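Asks: First, the structure itself, so that you have it in front of you.
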Amino acid sequence: MQSSVTKMVDRFGVKPGRLWIGGAWTDVDERFDQIHPATNEIVTSIADAGTGAVDLAVAAARKAFDTGPWPRMGAKERKKILVRLQARIEDAKEELGYLQTLDNGIPINFSLNSRVSANMTVDIFDHYAGWIDKITGETFPRYTDAANLHYMTFRDPVGVVGAIIPWNAPLVMFALKVAPALATGCTIVMKASELANLAVLRLAEIVAECDLPPGVFNLVTGGPATGEALSTHPGVDKVSFTGSAAVGERIMAKAGSNMKRLSLELGGKSAVIVFPDTRDLKVAATSIMSLSSTFLSGQVCSTPTRALVHRSVVDEFVAHAQQQISAVKFGDPFDMTTTSAPIISRRQTDRVMSYIETGSAEGARLVFGGDRPGNELADGNWINPTLFTDVRSDMRIAQDEIFGPVLSVIPFDTEEEAITIANDSVYGLSGGVYTTDLSRAFRVGRAMHTGTVGINGYSLMPNSPAGGVKRSGIGREGGWATIEAFTELKTLILNLDA
Ligand code: NAD
């Protein structure tokens, strides 16, 4: 039998059934269960905020923004609080890593050490704390001798932010919303994913220890109804949402009523183009396959799920990819040698399996995987790494975001054809190019209609922007672009003739 994961609940003294609103912990009667994807055991019961608690949280954030000290505080004083928060997160980073694995089954080695670890959370707070005393406006030359008018701009905080995050990287998602909101002087109501609450609840406890004025940061837990109550609330000025395109579209459709500002970080169907002059085809194939087979098992928005491979090297690419999966190890997510996450829910497992059936039915060639491991893993949501080749761009497995361990290999003959296939998608989140020809890398990278493109590798850092075009969203997270997204430009006109 695969070991139980619930032992970790007692180890970390989780106190899950409460919400942080207006500077105090609040209980609600409604609860729901958080289930662990590796075993389908109930981990704990979580408070279901619903409309009533969202109203309270937004009212607290509204009051803190409209009349509280936070938006008006000096940069030095505000920065001091963010730096304190960053230090406390650093102190708790191991515990946070374990809680994230208890939330979503990401193997503990990745939860502690990868780009979704608390280390990255600390770096994101560090980055945004650094902006606080550098959020500047402009002054403009006097336009005409006819008037002694002087113009200057300020970047004011956008107001009350409703932040809604997905389940797959709760530590980093929390930081990507809370750090820029606090840095710019906004107040915030954060909603965790109903599938992954514990790491975020622990982060809220840490925020609670950092002397923020009451109502500046609020946390609610709950499902779609709670998210909808928050994202449509008239007291919210901006929604910062990361999640699926379907929910993002719904939020956008309803945001018009009070002209909410929106940042939407949505899904993807990213293409990576592998040319035959790639320096090391084995390295390229292994790293592309490992993003679908290890870590979060393809449950990452930016995963390259379409490998566009030059026809002359398809067989070699597929052989290297097949070798890579011998490194895959399923099992106890708290074992440092486990390499791959389970699928987040039974429902999503069924959905991925049905895409695998569709791929075969559409005529793609299943090279390996396509099934589920049995025996001691049968209670969990595991799917073996799966690779299809001979995939055509019009097939559903080449068009839809599957969000699981399924890689589609699409052969191409010319650079132009590769670009056309890469751009034949409703999504435009990320992309990649493998080649040693820098001119080609530049040409193709520029021609791919996506928010980011990695040349011979892909990694995101807190100080550079990432986000999507087309159905992958609106706005960017990282660097100055985010400061702009959490502020409003205010022009002050000084009439010296008066
Ligand atoms: P999801 O859209 O199902 O849920 C995301 C959040 O939205 C959850 O907190 C959920 O409770 C809430 N929600 C659900 N219905 C809502 C509604 N009607 N109104 C308001 N909120 C609502 O997504 P998920 O399954 O948690 O995450 C997977 C998706 O997130 C994938 O599509 C993935 O590509 C995307 N994602 C994108 C990025 C990015 O940076 N672009 C990062 C991570 C994940």
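Asks: If you average over every viewing direction, what projected area does the convex hull of the Cα atoms of the chain give, in nm²?
Replies: The directionally averaged projection comes out at 25.3 nm².
Asks: Let me ask something else. If you build the Cα gyration tensor of the range 178-309 and take the root of 5 times each eigenvalue, what three semi-axes come out, in whole angstrom, biggest first?
Replies: So the equivalent ellipsoid measures 36, 19, 14 Å along its semi-axes.
Asks: What's the whole-number percent of alpha carbon pairs in the range 321-432 lying beyond 20 angstrom?
Replies: Counting every Cα pair in the range 321-432, those more than 20 Å apart make up 47 percent.
Asks: What are the principal axis extents of the Cα atoms in the range 389-498, in Å, biggest first?
Replies: 74, 32, 23
Asks: Radius of gyration and Dmax for the range 210-272's Cα atoms, expressed in Å?
Replies: In Å, with Rg to one decimal and Dmax whole: 13.9, 46.
Asks: Assigning unit charges at the beta carbon (Lys, Arg +1; Asp, Glu -1) and nothing else, what dipole magnitude in debye, to the nearest 20, does the chain show about its Cα centre?
Replies: 840
Asks: Here's a follow-up. Where does each of 436-445, 285-294 land if you order them by average Cβ count within 10 Å, highest first?
Replies: Order by mean packing, descending: 285-294, 436-445.
Asks: Multiplying the sequence separation of Phe154 and Leu496 by 0.36 nm and subtracting their Cα-Cα distance, what value in nm do you get?
Replies: Here the segment from Phe154 to Leu496 would lengthen by 121.2 nm.
Asks: In addition: To the nearest 20 Debye, how big is the dipole of the range 130-179 about its Cα centre, given +1 on the beta carbon of each Lys and Arg and -1 on that of each Asp and Glu?
Replies: Its charge dipole is roughly 160 debye.
Asks: Separate question: Calculate, in whole percent, how much of the Cα-Cα pair population of the range 1-125 lies beyond 25 Å.
Replies: Looking at the range 1-125, the distances longer than 25 Å represent 43 percent of pairs.
Asks: Here is a follow-up. Put +1 on the Cβ of each Lys and Arg and -1 on the Cβ of each Asp and Glu in the chain; which of Asn109, Pro214, Val54 then has its Cα farthest toward the positive end of the dipole?
Replies: Checking the options against the dipole of the chain, the answer is Pro214.
Asks: Taking a probe of 1.4 Å, how large is the accessible area per residue of the chain, in Å²?
Replies: Here the residues of the chain average 40 Å² of exposed surface.
Asks: With the full set of protein chains in place, find how many percent of the accessible area of the chain is carbon and sulfur; take the probe as 1.4 Å.
Replies: Carbon with sulfur: 53 percent of the solvent-accessible area.
The values are calculated or read from the model by the stated rules, or taken from the named source; none is laboratory data. Bear in mind the structure is a predicted one, so any value in this text is a computation, not a measurement. Methodologically, a virtual Cβ is constructed for each residue, glycine included, from the backbone with ideal geometry; neighbour enumeration extends over all protein chains shown. Just so you know, the surface numbers come from the protein's heavy atoms only, side chains and all, with ligands and any DNA or RNA stripped out. Shrake-Rupley method; radii C 1.70, N 1.55, O 1.52, S 1.80 Å.
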